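Below: the structure, in structure tokens.
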Amino acid sequence: MLKKHAQFFKGILFLSDIAVIIASWVLAYYLRFYTNLIPADKGISEFGQFFNLLVVLVPIYILVFRYIGLYRPMRSTLRAQEFRRILNGSFLSLLIFIAFIYLFREYKYSRVVFFYFFIINVLLLSLIRFGLRSFLIFLRKKGGNLRHVLIIGSGELAEEFVNRLLDHPEFGFKVIGFIANKQEKLGTKIKNIPVLGLYKDIKNIKFNDIDQVVLALASDELRLTKPILESLKQEMVEIKLVPDLSPYFTLRKSVDELDGMPIINLRESPIYGWNELIKRFTDLIFSFILILILSPLMAIIAIFIKLTSPGPIFFTQDRMGLDGRVFKIIKFRSMKVGAEDITGPIRATENDSRRTKIGVFLRKYSLDELPQFFNVLFGEMSLVGPRPERPILMEKFKKEIPEYMLRHKVKAGITGWAQINGLRGNTPIDQRTKYDLYYIEHWTLLFDLQIILRSMPFLTKKNAY
């Protein structure tokens, strides 16, 4: 909706344009000198010289395309306008490039290559861009890759917001309903979208299939913002506020926009788009490497577990991860079989009598956690993030600790900011939550790296039992 979604789409266009420019240049050279369409001139530069010119050609095209607006979000109905921009941008870029070439008199070039390149490049750029936009729109119209939005508000501002979303299907948002303030609107439709309830009924709304809540309140309803936010405190949804702030803007503003409409971010995860891809790629590579390196150690641990106590080698348990999704965490078994038959689900404590002999050692050095690298490899966890808790215990925590559920706006991790600061085991949940939320609010890839580098010392600290 916004900048993160638009930036991700821009990144795809940016990379595809670079690939098309390179491919068009190579294909133009091949058509000129490796086919019999036109007899080749003598003394033309070798392919290596032509290829080296891409160092100049690609930046010129990208800068010109950016200048004329080819990386701004465009509605699906403006394909003709986009084609004209591609045509104009390609022509201007090629003129700048030819002017640059003339600065080097010793360079021998072929005007036919330039002609072929221009035609091929314009056609491929247009086809790929149109195809990409059409594919995204088709995919989302079929219900794929959509983010479901609930709008709180039913006045002109809410309707205008919906209009903007409908004008940009490529962003992939689907409004599933409105929450209104007036009883007479209940059961009616706005823009063919149903009014699902009233403000006072928000606590009764099922948020399982809702990704974002957008507050688009009328100016006389702004007093209701606080109680509405209080009603949403325990829900794991992103919250956006759409205020009518246009009369108050001067030269600078620090909000997102949707086609010129200001959107203030109240709650969202920083790990989205390219950040999400980079973090996932890092998790995938490091978990795979660590599994290979640690496999001999894990084999030895498995043998000792089997020799020292009856029962399975691995222990799996339900844990809550990203956006409240439950997954099976994998650990080496460190407790006796049926350890919770008497005690029920409780957190581990110091001198826990339920531990096996080898389990005491494994828990002290966190070796029982090693199989969780498979959870990372499978995409259920990350190397760094809040430690996952059991769903049955979380029902208690979320009632006692405000904003506890916000920990689940990122993937759970093997290690985290709370853990390297000594908050492990049976430490206060409220303190751990503060550290987890700090990590989410200040996340960067460098922050992840810092936590990973500091994770080895915490393996022998207190509270590991």
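The values are calculated or read from the model by the stated rules, or taken from the named source; none is laboratory data. All values derive from a computational prediction rather than experimental measurement. In this analysis, Cβ positions are derived from the backbone assuming ideal geometry, glycine residues included, and neighbour counts consider all displayed protein chains. Protein only, heavy atoms only, side chains kept; ligands, DNA and RNA dropped before computing areas. Shrake-Rupley method; radii C 1.70, N 1.55, O 1.52, S 1.80 Å.
Sort out which residues of segment 268-277 are open to solvent by less than 80 Å² (accessible area, probe 1.4 Å) and over 15 Å from Val376 (Cβ atoms), and write them in order of number.
As a first pass, look at segment 268-277 and keep what is open to solvent by less than 80 Å² (accessible area, probe 1.4 Å): 268-273, 275.
Answer for segment 268-277, where residues must be open to solvent by less than 80 Å² (accessible area, probe 1.4 Å) and over 15 Å from Val376 (Cβ atoms): Glu268, Ser269, Pro270, Tyr272, Gly273, Asn275.
For segment 159-191: of the residues being open to solvent by 40 Å² or more (accessible area, probe 1.4 Å) and assigned to a strand (DSSP E or B), which is farthest from Leu136 (Cα to Cα)?
Within segment 159-191, the match that is farthest from Leu136 (Cα to Cα) is Lys189.
Look at segment 32-85 and say how many of its residues are charged (D, E, K, R), at pLDDT 75 or above and open to solvent by 90 Å² or more (accessible area, probe 1.4 Å). I'd like the intermediate steps shown before the answer.
Just the residues of segment 32-85 that are charged (D, E, K, R), to begin with: 32, 41-42, 46, 66, 72, 75, 79, 82, 84-85.
Within this subset, residues satisfying the condition of being at pLDDT 75 or above are 32, 66, 82, 84-85.
Restricting the remaining residues to those that are open to solvent by 90 Å² or more (accessible area, probe 1.4 Å) gives 66, 84.
The qualifying residues number 2.
Say we look at segment 193-206 and pick out the residues that are assigned to a strand (DSSP E or B) and of a type in the set (A, V, I, L, M, F, W, C); which of these is most open to solvent (accessible area, probe 1.4 Å)?
Pass one, segment 193-206, residues assigned to a strand (DSSP E or B): 193-198.
Filter once more, keeping what is of a type in the set (A, V, I, L, M, F, W, C): 193, 195-196, 198.
Details: Ile193: 18, Val195: 9, Leu196: 84, Leu198: 11 Å².
Result: Leu196.
Quick check on my filter: what residues within segment 282-308 are buried (at least 16 other Cβ atoms within 10 Å of the Cβ) and either in contact with a Lys or Arg (Cβ under 7 Å, 6 or more places away or on another chain) or under 28 Å from Phe397 (Cα atoms) (or both)?
Ile305
Which of the residues spanning segment 422-443 are touching a residue at least 60 places away in the same chain (Cβ under 8 Å) and under 28 Å from Trp274 (Cα atoms)?
Ile440, Glu441, Trp443 - these are the residues of segment 422-443 that are touching a residue at least 60 places away in the same chain (Cβ under 8 Å) and under 28 Å from Trp274 (Cα atoms).
Checking Ser455 against (1) open to solvent by 10 Å² or more (accessible area, probe 1.4 Å); (2) over 27 Å from Tyr272 (Cα atoms), which test does it fail?
For Ser455, the exception is condition (2).
Among the residues of segment 135-158, which ones are open to solvent by 40 Å² or more (accessible area, probe 1.4 Å) and either small (Gly, Ala, Ser) or modelled with pLDDT of 90 or more (or both)?
Gly143, the sole residue that qualifies.
Within the group Lys185, Lys174, Lys203, which residue is farther than 30 Å from Phe83 by Cβ and modelled with pLDDT of 85 or more? Quick ask: steps written out before the conclusion?
Details: Lys174 fails: farther than 30 Å from Phe83 by Cβ; Lys203 fails: modelled with pLDDT of 85 or more.
So the residue among Lys185, Lys174, Lys203 that is farther than 30 Å from Phe83 by Cβ and modelled with pLDDT of 85 or more is Lys185.
Conditions tested, residue by residue: (1) in contact with a strand residue (DSSP E or B) (Cβ under 9 Å, 6 or more places away or on another chain); (2) farther than 29 Å from Ala19 by Cα.
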position	(1), (2)
Phe114	no, no
Arg140	yes, no
Leu165	yes, yes
Pro169	no, no
Ala180	yes, yes
Lys189	yes, yes
Asp211	yes, yes
Leu215	yes, yes
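Test Asp209 against the criterion of being surrounded by fewer than 16 Cβ atoms within 10 Å (Cβ to Cβ), among the acidic types (Asp, Glu) and under 22 Å from the mean Cα position of the chain (by Cα), and give yes or no. So that I can check it myself, show each step before the final result.
Numbers: surrounded by fewer than 16 Cβ atoms within 10 Å (Cβ to Cβ): yes; among the acidic types (Asp, Glu): yes; under 22 Å from the mean Cα position of the chain (by Cα): yes.
Here the answer is yes, as Asp209 does meet what is asked.
For residues that are out of contact with any helix residue (DSSP H, G or I) (no Cβ under 8 Å at 6 or more places or on another chain) and among the hydroxyl-bearing types (Ser, Thr, Tyr), tally how many sit in segment 291-333.
2
If I filter segment 383-398 down to residues being more than 19 Å from Phe373 (Cα to Cα) and in contact (Cβ under 8 Å) with a residue 40 or more places away in the chain, which single residue comes out as least open to solvent (accessible area, probe 1.4 Å)?
First, pick out the residues of segment 383-398 that are more than 19 Å from Phe373 (Cα to Cα): 391-398.
Cutting the leftovers down to in contact (Cβ under 8 Å) with a residue 40 or more places away in the chain gives us 391-394, 398.
Details: Pro391: 35, Ile392: 106, Leu393: 29, Met394: 3, Lys398: 48 Å².
Among those that are more than 19 Å from Phe373 (Cα to Cα) and in contact (Cβ under 8 Å) with a residue 40 or more places away in the chain, it is Met394.
Just one of (1) open to solvent by 70 Å² or more (accessible area, probe 1.4 Å); (2) modelled with pLDDT of 85 or more; (3) out of contact with any Asp or Glu (no Cβ under 7 Å at 6 or more places or on another chain) trips up Lys328, so point out which.
In the conditions (1) open to solvent by 70 Å² or more (accessible area, probe 1.4 Å); (2) modelled with pLDDT of 85 or more; (3) out of contact with any Asp or Glu (no Cβ under 7 Å at 6 or more places or on another chain), Lys328 misses (3) alone.
Table: residues versus (1) under 28 Å from Phe281 (Cα atoms); (2) assigned to a loop (DSSP other than H, G, I, E, B); (3) β-branched (Val, Ile, Thr); (4) at pLDDT below 85.
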| residue | (1), (2), (3), (4) |
| --- | --- |
| Gln317 | yes, no, no, no |
| Ala348 | no, yes, no, yes |
| Asn375 | yes, no, no, no |
| Pro386 | yes, yes, no, no |
| Phe397 | no, no, no, no |
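Strands (runs of 3 or more DSSP E) wholly in segment 208-262 with at least 2 residues that are modelled with pLDDT under 85, in contact with a helix residue (DSSP H, G or I) (Cβ under 9 Å, 6 or more places away or on another chain) and over 17 Å from Leu150 (Cα atoms) - which ones?
Numbers: elements: 212-215, 238-241, 256-258.
Of the strands (runs of 3 or more DSSP E) lying wholly inside segment 208-262, those with at least 2 residues that are modelled with pLDDT under 85, in contact with a helix residue (DSSP H, G or I) (Cβ under 9 Å, 6 or more places away or on another chain) and over 17 Å from Leu150 (Cα atoms) span 256-258.
Filter segment 404-415 down to residues that are in contact with a helix residue (DSSP H, G or I) (Cβ under 6 Å, 6 or more places away or on another chain) and without any contact (Cβ under 8 Å) to a residue 40 or more places away in the chain and give me whichever is surrounded by the fewest Cβ atoms within 10 Å (Cβ to Cβ).
Tyr404
Would you point out the residue of segment 356-405, among those that are of a type in the set (Ser, Thr, Tyr) and within 26 Å of the chain's Cα centre (by Cα), that is nearest to Asp448 (Cα to Cα)?
If we filter segment 356-405 for residues that are of a type in the set (Ser, Thr, Tyr), which is where we start, we get 356, 365-366, 382, 404.
Subset that is within 26 Å of the chain's Cα centre (by Cα): 382, 404.
Working: Ser382: 10, Tyr404: 21 Å.
My answer is Ser382.
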